[in-house]
Every structure is written in C-alpha cells, then in structure tokens.
1. Place the peptides 148-159, 21-32 in order of packing, highest mean first, counting for every residue the other Cβ atoms within 10 Å and averaging per peptide.
2. What's the extension gain from residue 144 to residue 111 if we count 0.36 nm per residue and subtract their Cα-Cα distance?
3. If N is the number of residues in the stretch 1-42, what value comes out of its Cα radius of gyration divided by 2.2 N^0.38 Å?
4. I want to verify a result. In a Gaussian network model of the chain, Cα cutoff 10 Å, which of these has the top mean-square fluctuation: 86, 77, 271?
5. What is the Cα radius of gyration of the stretch 113-235 over 2.2 N^0.38 Å, N being its residue count?
6. Most fluctuating residue of 49, 40, 166 in a GNM of the chain with Cα springs under 10 Å: which is it?
7. Please compute the Kirkwood hydrodynamic radius over the chain, one decimal place, Å, based on all pairs of different Cα atoms.
8. Springs between alpha-carbon atoms under 10 Å, Gaussian network over the chain: tell me which of 162, 45, 37 tops the mean-square fluctuations.
Ligand SMILES: [Zn+2]
C-alpha cells in the first residue's frame, strides 16, 4: 500500500488527509498536521441506514431479556462513572442523552436524580427503551422537534460523535440546548490511546460505522472551535464488562478477548478499551 493524498480536508485543521488503512470495507486517512482520522470516501446515507437496522443492537446481545441482561448491568456501571464525572461539574438538573440506544444511561441518570431524557435516531432501539422509560425517550434527530423548548444542564454523547457524518453540526445543536453553564460529556474512541498503539491498523474501533477518530488534543481543539472549553479528559477510560459477556462476544465476532475469560462469570470488571471520557463546558 502506498500513502497517497486524498481530496478531503481535515475538519479540525484543514490539512489534506493521507491514506493509512485500506481494507475492503474501509479506507481511512489521517491529517498529518493534527492526527485526526476519518473515512474517505464517507459512506453514503443509504449505507449508514443499512448499518443501523433492527439487528444493530441485537448483534451486541443488548436486547435479550432487557430487564436483566448482562449488557444492561455493564452499561449501567460504565454510565455511572460518566454521570459521577458530570456531577463534579454540575449539581444535577436536566440531562439529555443524545444517541440513547436502549436507554441505559437515562435509567442510570434517573437513579442519580437527574431529570433525564433520551433521543435516538434508531426507532427499534427507542421502541425497546420506551417499554421501560415511556415518553422519556424519543425517536429522531436533535432538531427543533426533539423535546421542543427544553434546555439541559448536561448533554451526553456516549459512543456517538464518531458515528455522525457532521460532528460539528451535532456539537452546535448540543450547545444550543445547554444552559449557560451546562456541560457536554463525550465518551468515544481515543486514536491516541495505548490500545490503538498496541493494535495498530487492527484496532477494533476501525469499523465501518466509525467515521471519525479523534485524539484528546484534536478533540479539544475541535470543541474549542464549536464553543466549548474542556474541563476534564480521562484518556484511558475503562468500560465495564462481565467475563460471561466477553466470552460470548469473542465467540461472536472473533475478537481479541483472552480465552477462558468467561470463567469470571457475572462479575463485572473494568477494561481499558481505547476510549476517552471528555467533559466540556459551554463557553459564553
Ligand atoms: Zn487536521
């Protein structure tokens, strides 16, 4: 493979991307100046819609017996860490989870006395979430029709920013919905992480549905360009898993999980999966 320039330019610094990964399903370029990575060409809207069909969440075992499945347990531990980090900067109040999927962050936020709402473009996911959360979850985009007139003390984007074709537009919409001192919490893959260095181009986050790969430095710069100031960045964030889930997951996708880990059973463990948690405040 030869490195070559492409025509698309970096959304953070304007530099031209250079190809560093070419696979059948994926071509990734990197900005030499700031390190941002993105897909070139970007998938079409039809290709993106096909990725997020009814089976998208089923593939991860998320919808089996939603009342007490291991994914729910794991997610609620992970989101508890996110919410506790938010709590360092806002005392509570209204929270909107953008890309709420099955509603597990909304549930964890309600447990912590946030007035929590969730939004997701995946109608299948929202239907499952609404069985438990009713009108607290809604299907659609973060536009004027979503919870009209509501402003929030916190907006969360967990496993979301890397999926959207125009991250700047999403950040602007989040900013509009935040109160003057509101905070945005982002959980997303960190292309500057140790797991990225360890796996190289075989990093498990290099998949068709991840359109952008940020690092702490270029994300901070990008947030600055969109009216946010970073308060805190945890660059080696650890998500919660159970051995039982990892055993199933490894069998399903043939990933890097160590053999025999399912012997840990239902005991949750927290593993660095190459993600970062960033808390940013809306600037005046
Ligand atoms: Zn750049």
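1. Values: 148-159: 19.2, 21-32: 15.2.
Packing proxy ranking, top to bottom: 148-159, 21-32.
2. On the way: separation 33, 0.36 × 33 = 11.88 nm, distance 2.77 nm.
Once the chain is fully extended between residue 144 and residue 111, it gains 9.1 nm.
3. Values: Rg = 9.4 Å, N = 42, 2.2 N^0.38 = 9.1 Å.
Scaled against compact globular proteins, the figure is 1.03.
4. 271
5. Working: Rg = 15.7 Å, N = 123, 2.2 N^0.38 = 13.7 Å.
Against the empirical 2.2 N^0.38 Å value, I get 1.14 for the stretch 113-235.
6. Comparing 49, 40, 166 in a Gaussian network model of the chain, the most mobile one is 49.
7. Values: mean 1/r = 0.0513 Å⁻¹.
For the chain, the Kirkwood estimate is 19.5 Å.
8. Of the options given, 45 has the highest mean-square fluctuation.
Values quoted throughout were computed directly from the atomic coordinates according to the rules given, and no laboratory measurement underlies them. These numbers were taken from a predicted model, which means no experiment stands behind them. FYI the Cβ positions are ideal-geometry reconstructions off the backbone, even for glycines, and counts take in every protein chain you see.
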